[in-house]
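The values are calculated or read from the model by the stated rules, or taken from the named source; none is laboratory data. Given the structure is predicted, the values throughout are model-derived calculations rather than measurements. Please note: Cβ atoms are built from the backbone with ideal geometry, for glycine as well, and neighbour counts cover all protein chains shown. These accessible areas exclude ligands, DNA and RNA; they are computed on the full protein's heavy atoms, side chains included. Shrake-Rupley method; radii C 1.70, N 1.55, O 1.52, S 1.80 Å.
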Amino acid sequence: MTYSTGFGYDFPLRLADINHDGRIDVVVHSVSYQELQIFLGNGDGTLTAGNRLSFAPYVDFYEFDVGDITNDGHPDLIIPSLQGPGIFVCPGRGDGTFEDFGGYSLSSDPTSSVLADVDGDGLDDLVVAHENPGSISVLLNHGKDLPTPVMMSLVEATADVEKVTLAWFSGMERGVQASVLRKAPSQEWNGVGRIEGRSDGYLRFEDHPVVAGRYGYRLSWRAGGGEASLTEPVWLDVPARMAMSLGPWPTPSRGVLRIAFSVDAGEARLELFDTGARRIDGLVVHGSKSMAEHTFGGRQRLQPGVYFVRLVQGDRALVKRAIVIR
């Protein structure tokens, strides 16, 4: 018999008795959709479709395992996720359904995991293979000391003029408190704000105002009464706010164009083009708190015609039109 998962591309699958009825059940993974489909065994070679679990966009995984990692006698789902990175766990209820997932943070990307009692204490431990760098790690199961699964994943990081927007996902409805830390390349980490987890599991922060430049951000966070943890830093480039005004003096001008401009800290390019998009002249300019000036045509007078002056800094540009007459 054939059973449709509705995924289109299924890989891999696992066999286990997840509802304790003595019959083999099937759990299959869709790499494309980042979902798991459960089929419950009927004991006669047929299957009945059960729950479908969705993990996007919080988890990015290829392999998964089924086993009792929470030591309650019920099979759990163990998922090594490249996003985080870390190990996600969905505790089994013993009836074919699973609780919401949480996770354990790891320092490098996990690609697969295997359950085995590697220390001989009767509890299944977790052996994890990592993609970068090529390595394996062993996570020992300490029974009652098993930590509450919490993993902090960065899900949004954007920079605009004078503003940085950040969001992390913890998977916990409450109890997560965090300090947002920021640093410039030549500075130390400093706290710029405190946030708490929301009911949807997200922690959001907006840093405003921020001058143009490159900044690193990370969280120092704790869940409940646990120890403080640090997320991996994310680096963002805050673009400069540009302003440009053109003379020329007088309007139209004769032979020269006098340009007034201003840019924030950092380098920018001031360029002159003709109507055929040919670059006539240009120079590198630097940010200043006050207006600056430059004259095109000072050494060799410009020919009469229409010109375009462009000021470029990063991925932002301003263009003005100017006219030169005889």
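Among the residues of the stretch 140-161, what is the count of those that are modelled with pLDDT of 75 or more, out of contact with any Phe, Trp or Tyr (no Cβ under 7 Å at 6 or more places or on another chain) and either open to solvent by less than 40 Å² (accessible area, probe 1.4 Å) or part of a strand (DSSP E or B) (or both)?
Residues that pass the stated criteria total 7.
Of these, THR2, THR48, which one is open to solvent by 30 Å² or more (accessible area, probe 1.4 Å), more than 27 Å from LEU123 (Cβ to Cβ), of a type outside the set (Asp, Glu) and modelled with pLDDT of 90 or more? Quick ask: steps written out before the conclusion?
Details: THR2 fails: modelled with pLDDT of 90 or more.
Going through THR2, THR48 in turn, just one is open to solvent by 30 Å² or more (accessible area, probe 1.4 Å), more than 27 Å from LEU123 (Cβ to Cβ), of a type outside the set (Asp, Glu) and modelled with pLDDT of 90 or more: THR48.
In this structure, is GLY67 modelled with pLDDT of 85 or more, out of contact with any Phe, Trp or Tyr (no Cβ under 8 Å at 6 or more places or on another chain), of a type outside the set (Val, Ile, Thr) and surrounded by 14 or more Cβ atoms within 10 Å (Cβ to Cβ)? So that I can check it myself, show each step before the final result.
Details: modelled with pLDDT of 85 or more: yes; out of contact with any Phe, Trp or Tyr (no Cβ under 8 Å at 6 or more places or on another chain): yes; of a type outside the set (Val, Ile, Thr): yes; surrounded by 14 or more Cβ atoms within 10 Å (Cβ to Cβ): yes.
The answer is yes for GLY67.
Out of ASP237, ASP200, which single residue is over 30 Å from ALA268 (Cα atoms) and either at pLDDT below 90 or assigned to a strand (DSSP E or B) (or both)?
ASP200
Name the pairs whose Cβ atoms lie under 6 Å apart, with the first residue in the stretch 146-162 and polar (S, T, N, Q), the second at pLDDT 85 or above and assigned to a strand (DSSP E or B), and 6 or more positions between them or separate chains?
Every condition considered, the pairs that remain are THR158/THR165.
What number of residues within the stretch 285-326 are under 23 Å from VAL161 (Cα atoms), of a type in the set (S, T, N, Q) and exposed (fewer than 14 other Cβ atoms within 10 Å of the Cβ)? Before you say what the answer is, go through the steps one by one.
Of the stretch 285-326, the ones under 23 Å from VAL161 (Cα atoms) are 285-292, 309-320.
Checking which are of a type in the set (S, T, N, Q) leaves us with 288, 290, 313.
Checking the rest, the ones that are also exposed (fewer than 14 other Cβ atoms within 10 Å of the Cβ) come to 288, 290.
Counting residues in the stretch 285-326 that are under 23 Å from VAL161 (Cα atoms), of a type in the set (S, T, N, Q) and exposed (fewer than 14 other Cβ atoms within 10 Å of the Cβ) gives 2.
Please verify whether THR111 is of a type in the set (Val, Ile, Thr), open to solvent by 20 Å² or more (accessible area, probe 1.4 Å) and at pLDDT below 85, treating the condition exactly as stated. Give the steps one after another, and end with the answer.
Values: of a type in the set (Val, Ile, Thr): yes; open to solvent by 20 Å² or more (accessible area, probe 1.4 Å): yes; at pLDDT below 85: yes.
Spelling it out, THR111 is indeed of a type in the set (Val, Ile, Thr), open to solvent by 20 Å² or more (accessible area, probe 1.4 Å) and at pLDDT below 85.
Is it the case, given these coordinates, that VAL128 is open to solvent by 70 Å² or more (accessible area, probe 1.4 Å), modelled with pLDDT of 70 or more and more than 20 Å from the chain's Cα centre (by Cα)?
Working: open to solvent by 70 Å² or more (accessible area, probe 1.4 Å): no; modelled with pLDDT of 70 or more: yes; more than 20 Å from the chain's Cα centre (by Cα): yes.
Considered against the rule, which asks whether it is open to solvent by 70 Å² or more (accessible area, probe 1.4 Å), modelled with pLDDT of 70 or more and more than 20 Å from the chain's Cα centre (by Cα), VAL128 comes out as no.
Every residue in the stretch 175-197 that is of a type in the set (Lys, Arg) and open to solvent by less than 70 Å² (accessible area, probe 1.4 Å), please. It would help to see each step written out before you state the result.
First, the residues of the stretch 175-197 that are of a type in the set (Lys, Arg): 182-183, 194.
Scanning the stretch 175-197 gives ARG182, LYS183.
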